[in-house]
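First up is the structure itself, then whatever we jot down about it.
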């Protein structure tokens, strides 16, 4: 290819993510016609703290903090807690408090590139109002609300920041402090409360940031309404045509994150106040710019481009490097699934993050490593060796599944899923020091679990009986395809890890792996479990043996299993993961039409207004389903993009783009930040 044409191709690819006239914007989700009765909020988050939007002016639906759990009336297990809603406000114009009924031209826009949500509206003939929320990426516990009001006529403005204790919390304490310095006065609105059992202290603090060029700062007044609510407010006279700006910066933290959360919440808020709005937003923008160096650029399908950016945005928002936190199926978008951690993280979200941001994926594995001893105790309690990870995990790593769900005692494939993620992390990073210190302890302990878990009934019959399958409608079945294959992979990867580290692997691991059966039906289709007779399935099981497990590699067998099981998934009521795997496998098989069909079917029927929020099921209303987003992103990265995680690192295999797509370009891949492309 000539230099000239190579330049043209690069120019085309570089501009592919720019919105074309009439096409969906690749970076912005806009809600211009909002129905409060059919509104599903979008989340602004920084991997630690999530703000969920509301259709009401100056209101936030909820604030969710990673790692904040306690028991309170939901299944006798640990659950996510809503933190203090430290950004709720009210605004008064000429003594009248604004509500949604007063707003015209009400519009909200999520800027995914800068991780901000902007709301704008007109208030009668008096003012144009605009405000933007940020969960500051560089400050994990700090948020910012930036407000701008343009007066259409002379008016009197009244603004208040309201701190209200969530219903589930108790023993609320409210504080107000003014810190005077020659060059600045800081007004701190602070609240503290205990979690329902009293084990955790939750605290939040905020302050006003008044912009320069507006003259003397207004006087801030504190009002205590009751034990659960207080506020600070100020007034300002505006002239017609004048634009007035102010901001609220606040921090929320708990005793699960810091031993002194009350003082730390105020310290972090003071830090933000003295940094100032411009510096805060500059560092926030820089952090997100660095995240987006790992991107997926699509030509030929503008709507898919927007949707893929939304999925990446949410996974980036729900995860943070340098922690031992791991996202739940709903991330930081609400209290769905009690904030617990399932295989959703290890199998569905983790691989996409691993190839794009290994440092963020590392936090998910760190979460599992820190809870390895709890998994060992779980295995001991069930009469097994090694480590048995809980199906639902929260802060301590003990089993958190409510007792009415049989998945807690029986969905054992989770241990192999954790081990798979640990092995994949090594494969991508090639970090032998990490493998020795953290990866191998996970791999070897879970391999020991499977060696003790199988029932040794002769060659080829090391059966794994009485499990809940990956297809959770199959309860207490024997020799489930995914469980058995995942156990095989776990045992073989533990053996490979020992070899890499110069250690002596337990020879029983390879022996057991060779004798765990994968069943087939009379027509050669892989059988989901020993008593499976063709009934409907909740979610992918057999097809996961081709990807991500790689146990089935013969294209003819993969095609046969796909043709059979794609007809067994009901059109409604099942989680949005299975079709993404179908799309991935059909792309690898070279079937562009099937790849396109199942890509669309994986998430489009699950979209909710007004921000195309992905629900767990078709017709569902759960908050943002990060699990489904992770599956669709794997379809794009490992299916359409051909990326493959191998023991030697990331490679690219032959694949096919879905019908209608012209190219996909994946930037910032792996530790070397490589670029991979596929064109039609």
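Throughout, read-outs are computed from the coordinates displayed, never taken from laboratory work. It should be emphasised that the depicted structure is a prediction, and the values quoted were computed from it without experimental measurement. With ideal geometry, Cβ positions are generated from the backbone for all residues, glycine too; neighbour counts draw on all protein chains shown.
What's the angle, to the nearest 10 degrees (0 to 90), between helix 372-381's Cα axis and the longest principal axis of the chain?
Tilt relative to the chain: about 50 degrees.
So what is the 222 nm mean residue ellipticity for the chain from helices alone, if each DSSP H run of at least 4 adds -39500 (n - 2.57) and you divide by all residues, rounding to the nearest 500 deg cm²/dmol?
Calculated from helices alone, the mean residue ellipticity at 222 nm is -9000 deg cm²/dmol.
Taking the chain as the reference, fit the longest principal axis to its C-alpha atoms, fit the long axis of helix 413-429 to the helix C-alpha atoms, and give the angle between the two in degrees, 0 to 90, nearest 10.
The angle comes out near 80 degrees.
Starting from the Cα gyration tensor of segment 228-332, take the square roots of the eigenvalues, sort them a ≥ b ≥ c, and report rounded, prolate or oblate (rounded when a/c is under 1.5, otherwise prolate if a/b is larger than b/c, else oblate).
Since a/c reaches 1.5 but b/c is at least a/b, the shape of segment 228-332 is classed as oblate.
How are the Cα pair distances of segment 32-291 distributed, in percent, across 10 Å bins from 0?
Here the calculated profile for segment 32-291 is 7, 31, 37, 21, 4, 0.
Sticking with the crude label model, points 7 Å out along Cα→Cβ, report the distance from residue 500 to residue 648 in nm, one decimal please.
1.4
Starting with the fewest neighbours, write out 472, 437, 392 ranked by other beta-carbon atoms found within 10 Å of each beta-carbon.
Result, fewest neighbours first: 437, 472, 392.
Out of these labelled values of Cα extents along the principal axes in Å, (1) 138, 65, 42; (2) 86, 63, 45; (3) 76, 69, 49, which was calculated from the coordinates shown here?
Given (1) 138, 65, 42; (2) 86, 63, 45; (3) 76, 69, 49, the calculated one carries the label (2).
PRE reach from residue 559 (point 7 Å along Cα→Cβ): which of segment 591-618 fall under 11 Å by backbone N?
591
Explain nothing, just the number: relative contact order of segment 435-509, from Cα pairs under 8 Å at least 6 residues apart, as a whole percent.
RCO, segment 435-509: 30 percent.
Whole angstrom only: what separates the Cα centroid of segment 392-459 from the Cα centroid of segment 74-130?
Comparing the Cα centres of segment 392-459 and segment 74-130, I get a distance of 43 Å.
Which of 284, 597 comes first, and how do the rest follow, when ranked by fewest Cβ neighbours within 10 Å?
Arranged by neighbour count, lowest to highest, 284, 597 become 597, 284.
Give the relative contact order (percent, whole number) for segment 612-679; include only Cα pairs under 8 Å separated by 6+ residues.
Relative contact order, segment 612-679: 20 percent.
Between residue 680 and residue 473, how high is the FRET efficiency from 1/(1 + (r/R0)^6) when r is the Cβ-Cβ distance and R₀ = 56 Å? Nearest 0.05.
The value I calculate is 0.90.
Please give, to one decimal in nm, the separation of the simple spin-label points placed at residue 37 and residue 466, each 7 Å out from Cα toward the Cβ.
Roughly 5.2 nm, to one decimal.
How far is it, in nm, from the label point at residue 130 to the one at residue 593 when both lie 7 Å from their Cα along the line to the Cβ?
Spacing of the two 7 Å Cα→Cβ label points: 4.9 nm.
On a C-alpha basis, how far is the centre of segment 464-486 from the centre of segment 558-615 in Å? Whole number, if you could?
Answer, in whole Å: 22.
Quick one: which of 147-153, 550-556 comes out on top by average Cβ neighbours within 10 Å, and what's the full order, highest first?
147-153, 550-556
So between residue 179 and residue 571, what do we pick up on full extension, going 0.36 nm a residue minus the alpha carbon distance?
Working it through step by step, the gained length comes to 135.1 nm.
Let me check the size of segment 371-552 from its C-alpha atoms; what are the radius of gyration and Dmax in Å?
Reported Rg and Dmax, both Å: 15.8, 47.
Rank these for me by crowding, 427, 203, going from fewest to most other beta carbons within 10 Å.
Result, fewest neighbours first: 427, 203.
Using the alpha-carbon atoms, what tilt in degrees (0 to 90, nearest 10) does helix 555-565 show relative to the longest principal axis of the chain?
60
With an 8 Å cut-off on Cα pairs and a minimum separation of 6 or more residues, tell me the relative contact order of segment 32-291 in percent.
Once normalised by length, the contact order is 19 percent.
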